[in-house]
């Protein structure tokens, strides 16, 4: 790797960030104490800053950052020249949210969800952070005959709207996910989340695409990005990871998919996406720093490889719609001058 | 079986219909000439009429019914007291549509799609049929880097809007399906189809739910029905069949799922759905008449079993959200007084 | 329900048991401290005993039961007249197993896996428990180009064979699961697990079917049971739960599937299965006692409903292979004399 | 591409072939007359021969080749220097097989299946073709409570064994597929098909892996290849295509997956696979010749790129099992000296 990496990373113009927790301990229901050790926040922040390409952090409100430690966290981030990209209010990791936050049948829980989000907004404001990322993973249901869609979704609309209205300068991105931890999420797919965004009806409410969540929903993630942009410029944020298409495996970016990332990159340029490109892995058994570094490196390699010439070529492919030509282009992209070409026999 | 079936079928108030082709030959890519014999239309219509509970037919325009045979088909239907429930323009079974109908890159094909739909509207009008069901199965793509979402979707909006605008008294239902025959459909899920319906912006354009398609998209079909109703009363039509949740197997209704049909029935009452309940099977190897009869019998049994008392009980379950109570209710629904109950141990 | 439950539960002849942990706290990666409170073991055992139909327990070795507390646990179980059905060595919930137990690249970890299993065998022997259930959930891999199948599977064969050879009177059941916690398990499906059982080549090594795992692997669980029996009488144990077919949701038995449970029940009779029918739920948000009680009640209702007459009818259906007749039989099973029947129209 | 393709194709040592039908018309259940035109056999054979890298053909017995036209087909193939790689008896595309061939409840159908396979063996023998590929796509079932596993599988064993015993010098490969055209296949996965191969108990009966079928069964195809080899050297044949992992889309090879093909290539070398690498696409809307050419080009590019150095590197990765290192290796494989590397931060 005798290349001048610093130089190469400077050639990219996308802004890359990471959710701080990616660098900490990881657990699952079978090993709840975790596959690794808990790391001090300061160490995690320093580690994030050391990853080539990383310029920003997402923090879980109430967990990474609290009203009490905001200043401390801020100095650490400043020291390491890291921007605060988003605050993710913790509406999922405590018993109180077990049956939902904004959609809970318990009015006190709904109020608490509003308060938690307010706190996060407050913290964001103090940190100069422009966006709240609302992942309402507990807001859903599991069994047939269990949910009252009308009532519970109305509560969500009401609760999210109330916070968003009070913080008009803060972008609020709703992150969708087909399932987990609930088997059925209320924010399950790009399009149904967008419908709720429209119902909320405020300019500062939009959607976050987690690329892996889109894969699990069997969406073509590039088309989801396009759609969110087309219907009201509502693509507010992006999370990256990878999986096999059946579950939110949260793997290293690019470990499974390739062509879909190329297509996404093209369309993000087309729609003029200027937000952050944020790593959201869950490296159960891998070293977090290396897994994130590898993910950013993949996206940087991709960004650099998709020169204007290449992007123009893609534009032509999309205009033509010839699947064999598109596949051939991808093959040459991968094998480059190792490739034999494929003289069309007919 | 010693029951007076006629009487029992009269106890239902839902209107049941069938797509005529369900009673004909069936094929697949491995046996394209079909698993059965082709049946004359007259015989199929008579057979449909003989199925207890069936009161209406859906016809594929350009295939079951053409400008030439409309009067003939009409007399046959009148003779058998069958209503015409919908016309489904054939925008999928000819080579011309192989790369899309309304979304085709070829302007002539797009024009042809409009003309075909016009013809269907014309036929519907002559038959007093209130609805066109547009299943745009070829409108999509297959490979990465193949589709130009923006352009192709715009063509769809334009083409559908043009027809719909000319036939304001005809309802036009867009039927979504995640995939097949294209691997990626433009009308893939309830919510994204609804977004296009909103973009088209005409009161007579809505959505058709095919229950099996909702299963394949991993939607909770009851929630999809609710959502289409909530956002503008756009649930226009319903197709029924069953599958294992991974592919559009088009099996006999109720052969795989049960609780989800119960939940759907409840919500259809709640939202006041008054359209047809139409069978859309593809009984590859089964006798079509028997498979459809069995499907209608399932839905009639379900309808009769869901008495007002039961529906009220469901209402309470949804208000509570207790998964064990909901499951217990379903168990008692199935096993009735065969059941031992389950004294709660805690 | 006003019925004499005790009497009804006595009418069953299957032996029902539960994994003790079902009645404790439940967590996931987002809420690792759990959706509930931790319960003392004594309370969990008493609760298990209070569930109508439950006559046995499965215990996780090293967690529920240790060399130290074996006698204490034994007295509690005797007091409540509960048999010890299996010991499940904990080869999954500690950091040491994070990269596999018997398949680990680290020889010390492999030795530890053998020791842990020895301990479990020792405990089983003291408790008069006839079976070890080996769920090797960490034995697998996640990424492409990560596993050395040949070497790692050979270690598994060797390690399992060594323990099994030392405990010839103890049955050892290998429980398969497509994925989770590893994305790829070495014991992923019924058939490939059976191949390893054959390779191990000892009469006391067989397979455990977890019904939900079979659903996720898209197996027809009845066929898997038949297959394990046919190739060497290797169906040693059964775990019950339910899911939507895409992930190991570990839901209440019968909450989603019905016909597949009927078919499984039939084939278990056919192959003369005499082992335990054990509940293996993971009731994240439900009361464990009620969820397990509901599950057993479902299986008891099913058992009682499948009278010899019904079983004979199923035999005829299988001989005929007429899908419409099979579906109609299921419909009558569900709707009984509420049903209108379905006079075949053709 | 300006490269000397002929030279590059000569650098490969794998033997590439194609199923002749890939180059003909393609249809599905919605467009049964096909997306293209029917092509004369002679033209298809010439086209196959013109595809760089293709040296052999697979023919469907009773369809591409019959007892009547065997000599004619043979001369055409000789003229074009194409070897006959396999005969695939047509046990799927006629009404008689609609409810199964070897597993049919109708003894006459089972006899006919045997006869059809005999004919194919006869043709193979005349053509000097070393292998029959038995894809028993109709041998399975669809509905719960429909199949009599024990009886129907026994018929399959008996029927296949009878033919195999009569042609000891002909390899017989059983090709598995999870589903389609039956929703449940008897030969569904690598491992359960292998179990039947073992039951048949003849040295000339083995398994064919269709890479896409392995993806749909959620197998890691490299592991399936290893397993078939490990348990008796039973990997007899290989079909190539690609898909999204949910259905047998039969797309151009390499259009979706990459890392899995690399891993498969490695293990095929490891186990010393010397059979053919055969294209089995179903290019619904693509030009067949170009789609097949693109597929072979992908595999040739891959073969050439996996130099001995690279293969050795993979060996080290598998020995280590470090997912980040494996992913990084894949990234460098793709981006080569375009890559910035990823200096590990920790």
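In degrees, nearest 10, range 0 to 90: what is the angle between the Cα axis of helix D:41-50 and the longest Cα principal axis of chain D? Result, in degrees: 20. Against chain B, whose longest principal axis is taken from its Cα atoms, helix B:107-127 shows a tilt of about 60°. Put in order of Cβ neighbour count within 10 Å, fewest first, the listed residues B:65, C:262 become C:262, B:65. For the options B:127, B:194, B:318, a Gaussian network treatment of chain B with springs between C-alpha atoms closer than 10 Å singles out B:318 as fluctuating the most. Here the contact order of region D:1-120, divided by its residue count and restricted to Cα pairs under 8 Å and six or more residues apart, works out to 22 percent.
Under 12 Å from a label point 7 Å along Cα→Cβ of residue B:199: give me every residue in region A:202-246 with its amide N that close. Counting only backbone N, you get A:223-233.
Each Cα pair under 8 Å and six or more residues apart adds its sequence gap; the mean of these over the residue count of chain D is a relative contact order of 16 percent. Among the residues of D:221-228, the average count of other protein chain beta-carbon atoms within 10 Å of the residue beta-carbon is 3.
Return, ordered by residue number, the residues of region A:98-121 whose backbone nitrogen is under 18 Å from a label point located 7 Å along Cα→Cβ of residue B:320. The answer is A:99, A:105-106. Between the helical axis of D:323-335 and the longest alpha-carbon principal axis of chain D there is an angle of about 90 degrees.
Region A:133-185 and region C:280-330 have Cα centres spaced 36 Å apart.
Between the C-alpha center of region A:197-255 and that of region D:187-234 there is a gap of 38 Å.
Here is how the number arises for the protein assembly as shown: DSSP H runs of 4 or more residues each give -39500 (n - 2.57), the sum is divided by the residue count, and the result at 222 nm is -13500 deg cm²/dmol. Choose one answer from A:27, A:129, A:103: the residue with the largest mean-square fluctuation in a GNM of chain A with alpha-carbon springs under 10 Å. With Cα springs under 10 Å in chain A, the top fluctuation among A:27, A:129, A:103 is at A:27. Over region B:105-145, all Cα pairs binned in 5 Å intervals from 0 give whole-percent P(r) values of 6, 18, 22, 20, 15, 10, 5, 3, 1, listed from short to long. Ordered by the count of other Cβ atoms within 10 Å of each Cβ, fewest first, B:63, B:308, C:155 give B:308, B:63, C:155.
For region B:115-221, relative contact order (Cα pairs under 8 Å, six or more residues apart, normalised by length) works out to 29 percent. Centroid-to-centroid, using Cα positions, region B:62-88 and region A:33-75 are 68 Å apart. Averaged over the residues of peptide A:187-199, the number of Cβ atoms from other protein chains lying within 10 Å of each residue's Cβ is 5. For chain D, modelled as a GNM whose springs connect Cα atoms under 10 angstrom apart, the maximal fluctuation among D:175, D:303, D:313 occurs at D:313. Note on C:26, D:111, D:117, B:309: ascending count of other Cβ atoms within 10 Å places them as B:309, D:111, C:26, D:117, the fewest first.
Suppose R0 equals 30 Å; then what is the FRET efficiency for residue C:166 and residue C:66 from their Cβ-Cβ distance, rounded to the nearest 0.05? It comes to 0.90.
Throughout, read-outs are computed from the coordinates displayed, never taken from laboratory work. Bear in mind the structure is a predicted one, so any value in this text is a computation, not a measurement. Methodologically, a virtual Cβ is constructed for each residue, glycine included, from the backbone with ideal geometry; neighbour enumeration extends over all protein chains shown.
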